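Down below is the structure, laid out as structure tokens.
Every read-out reported here was derived from the displayed coordinates using simple, explicitly stated rules and does not represent laboratory data. Quantities reported herein were computed from a predicted structural model and do not represent experimental measurements. Using ideal geometry, Cβ is built from the backbone for each residue, glycine included, and neighbour counts are taken over all protein chains shown.
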Amino acid sequence: SLEWYFHESSSLSGAIFIKDIESFITDDKGPQMVEGTEYYVTQPVSGKYGAKVQGVEAAWQQSLDEYLPEPFNGLGFQLNYTYVDSSYDDPEIDAKGLPFKGMSKNSYNAVLYYEQYGLQARVAYNWRSKFLVDPEAWGGPAWIQDYGQLDASASYDIFENVSIFAEASNLTNNRYSGYVKYEDQVNYLERFGTQIALGIRGSF
């Protein structure tokens with residue numbers, strides 16, 4: 001990794017990572033005799049194969065206090081992006097060209113913030129591309145569709161140790177969905193809705 005702090009509140013950073021997972025816990029499914037009766041059992045076991053995960057990530061944080069007049073000099077932004085390439089050591093799964101489950105190939109976050117005169121506010125958008133849930137699901141590999149979410153928060157220091165705040169998540173009311181093999185074969189759909197919280201915080 002490499003980091004460059006070119007201003008008190010500004011930086012550029014980048015990293016390359018390689019992870020070689022020797023093995024991981026997986027589910028074993030099959031018949032099993034229990035006191036003379038045969039059951040179909042799913043149980044965790046130590047897997048025979050592992051996986052490889054590698055990629056790059058980059059981040060840019062920029063304060064605009066040098067470029068904007070008051071009161072706008074409290075503005076700034078943060079950007080980061082991650083690319084992940086992953087694969088299974090299991091030859092059967094690897095032959096299908098599937099990534100390691102839970103690993104999105106692309107993801108990014110973008111944040112616009114303001115910090116000035118006791119006021120802290122931020123708007124953030126987080127996005128990740130589709131990721132594998134189960135490479136051996138019935139009917140084909142199961143995926144979670146790409147998902148993005150817009151959040152916002154603000155707080156104001158009314159006293160030295162007391163602040164009021166407001167937080168909102170999923171402002172665009174996006175839905176979370178999954179599918180098996182093909183995108184039109186939806187097998188999972190969830191909508192969280194927009195959640196808003198208001199309150200007072202104190203520190204002593």
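Okay, residues lined up against (1) within 30 Å of Asp89 (Cα to Cα); (2) out of contact with any Gly (no Cβ under 8 Å at 6 or more places or on another chain):
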{"position": "Tyr117", "(1), (2)": "no, no"}
{"position": "Leu132", "(1), (2)": "yes, no"}
{"position": "Gly139", "(1), (2)": "yes, yes"}
{"position": "Ala154", "(1), (2)": "no, yes"}
{"position": "Ile164", "(1), (2)": "no, no"}
{"position": "Glu167", "(1), (2)": "no, yes"}
{"position": "Tyr179", "(1), (2)": "yes, yes"}
{"position": "Arg191", "(1), (2)": "no, yes"}
{"position": "Ile200", "(1), (2)": "no, yes"}
For this session: Just need a number here: residues in the range 3-51 that are of a type outside the set (A, V, I, L, M), in contact (Cβ under 8 Å) with a residue 24 or more places away in the chain and within 17 Å of Glu136 (Cα to Cα).
Result: 5
Problem set entry | In the range 35-94, the residues that are under 17 Å from Glu22 (Cβ atoms), part of a strand (DSSP E or B) and among the hydrophobic types (A, V, I, L, M, F, W, C) | Val45, Ala51, Val53
For this session: Scan the range 53-66 and give yes if some residue there is surrounded by fewer than 15 Cβ atoms within 10 Å (Cβ to Cβ), touching a residue at least 12 places away in the same chain (Cβ under 8 Å) and more than 30 Å from Gly102 (Cβ to Cβ), otherwise no.
Result: yes
Exercise. When you look at Leu132, is it among the aliphatic types (A, V, I, L, M) and within 23 Å of Asp85 (Cβ to Cβ), yes or no?
Worked result: yes
For this session: Considering every residue within the range 181-194, establish whether at least one is among the small types (Gly, Ala, Ser) and surrounded by 12 or more Cβ atoms within 10 Å (Cβ to Cβ).
Result: no
